[in-house]
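Everything below concerns the one structure shown next.
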Amino acid sequence: MEGDTREAAVSSFDQAAHVATSWVFDYMFASLCHYFSQKDRAEDFQRMCRAMEVILEGISTLDSEKSKAVLISQFLTRVAEGRHLDVEFEADDKLTPLEAAAAVLDQIIEEEDDLRILQEEIKTLVKIQAVAVCMEKGRFKLSSEVLDRQFDESETNKYLRMKMSMVVGKKDPYHEFLENFSYSKMLKKITSYTSLVLARRPPVFLLQAATKMAEAKGKLDVQAGENNVCDEPIAVSENKDQKAHNSNDKDFQKEDLSTSESEDTSLEKSSADLNPNEITEEAVHFTDKAIERPQRRLFSLEQGTPWHPDKSRKVVSKSILGKKHHNLENVPSENLETSINPASNKRRQPWTWEEDELLKKGVKKYGAGNWSKILVHYKFNNRTGVMLKDRWRTMRKLNMVNDE
């Protein structure tokens, strides 16, 4: 009898966990799209990418809507690294990030006309910018190779291929033709696309609930401020009846707010118990563990992608791996399967006092941001430029360095 009860409890919890995981996934996807559209939220975008990969490990199957959300997330992560030619996502190390983004975009199937038209415009912009970015970096040979890969001989691409061939031949990354297909225009189109996609999806439950909680908390703060003003000493003397009246008013306010305050208690306690410094340290250690892999694998498209760290190129950003997803429900294409590999079990390497001192000296001499120079001139224990950047940010937050 006890065994049946225990199994029923486990089954009930698993069902609830499945629903909760779905809510978290929807919240993370909406957050990912929001942070992508904000120029100053790059770190939040990368953090949400890593968190989204982790939550995917708890989802055994993906329906068509979630599969599409994963593909859009894959597309955004590649566009976000579009200007970094030394970052790779796929097994084919010849593909630049924007070429990888174009490949993902081809897999997204849009049924509605406005989304499909916008998607086609974005495809053109991404392909042109894949060539233009190579030219901006002075990689003219690579720009020719990208041109050949992105524009075939079909009638649709014939004109664009001709114009881009002319631009590449002149080696002019600021040619007037490219002004109509600028990087900023591409980002604006992508932001419009993600906004439309989010508008067509069901409302995000967690965001709705959090919005109501924030509004209720805001009202409580306003009322508390008004009460504080009322509690200040008053020069004019009051008679006993007036004092009693004020006391009754306060008791009524407290009783009226009791329900809302009880709902906020758990949230306020959890927020008060968290130490921002401890959170930062933990996050950085977690990041250090993740970025030991030398290849960018956020939302990898390849199923069973071979992993060859020694053959990978330089990586300028962080990544976390997940696991494969099979048995997708109502998925229009087999390409919608997301393969994610097991995360590394390698223990993180704590920062030593000596390394912190070397980092301080390096920043003082070469400036924050010149992590490659600092790595060359100072001896660290198997650190990367991203590790140095994250450690410096953590040291500043912990007031371990003086901002000059």
- Query: Among the residues of the range 128-139, is any open to solvent by 20 Å² or more (accessible area, probe 1.4 Å) and either touching a residue at least 60 places away in the same chain (Cβ under 8 Å) or in contact with a helix residue (DSSP H, G or I) (Cβ under 7 Å, 6 or more places away or on another chain) (or both)?
  - Reply: no
- Within the range 182-226, the count of residues that are among the hydroxyl-bearing types (S, T, Y) and not in a helix (DSSP H, G or I) comes to 1
- Where in the range 1-88 are there helices (runs of 4 or more DSSP H), lying fully within it, with 1 or more residues that are within 30 Å of E136 (Cα to Cα) and open to solvent by 60 Å² or more (accessible area, probe 1.4 Å)? 2-37, 42-56
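Yes or no, residue by residue, for (1) farther than 30 Å from A103 by Cβ; (2) exposed (fewer than 13 other Cβ atoms within 10 Å of the Cβ); (3) at pLDDT 90 or above:
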site: H308; (1), (2), (3): no, yes, no
site: V316; (1), (2), (3): no, no, no
site: H326; (1), (2), (3): no, yes, no
site: P342; (1), (2), (3): no, yes, no
site: T352; (1), (2), (3): yes, yes, no
site: V363; (1), (2), (3): yes, no, yes
site: F380; (1), (2), (3): yes, no, no
site: W392; (1), (2), (3): yes, no, no
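Taking the stated definitions as given, is D26 closer than 23 Å to Y183 by Cβ and among the charged types (D, E, K, R)?
On the way: closer than 23 Å to Y183 by Cβ: no; among the charged types (D, E, K, R): yes.
No; evaluated as a whole, the condition is false for this residue.
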- Close pairs from the range 46-60: first polar (S, T, N, Q), partner open to solvent by less than 10 Å² (accessible area, probe 1.4 Å), Cβ under 8 Å, at least 6 apart: S60/H325
- Message: Looking at the structure I just gave you, is K171 on the phi > 0 side of the Ramachandran plot and either open to solvent by 50 Å² or more (accessible area, probe 1.4 Å) or not hydrophobic (A, V, I, L, M, F, W, C) (or both)?
- Response: yes
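The values are calculated or read from the model by the stated rules, or taken from the named source; none is laboratory data. For clarity, every value in this text was computed on a predicted model and none was experimentally measured. So basically every Cβ, Gly included, is an ideal-geometry build from the backbone, and we count neighbours across all protein chains shown. Heads up: the accessible areas ignore ligands, DNA and RNA and are worked out on the full protein's heavy atoms, side chains in. Shrake-Rupley method; radii C 1.70, N 1.55, O 1.52, S 1.80 Å.
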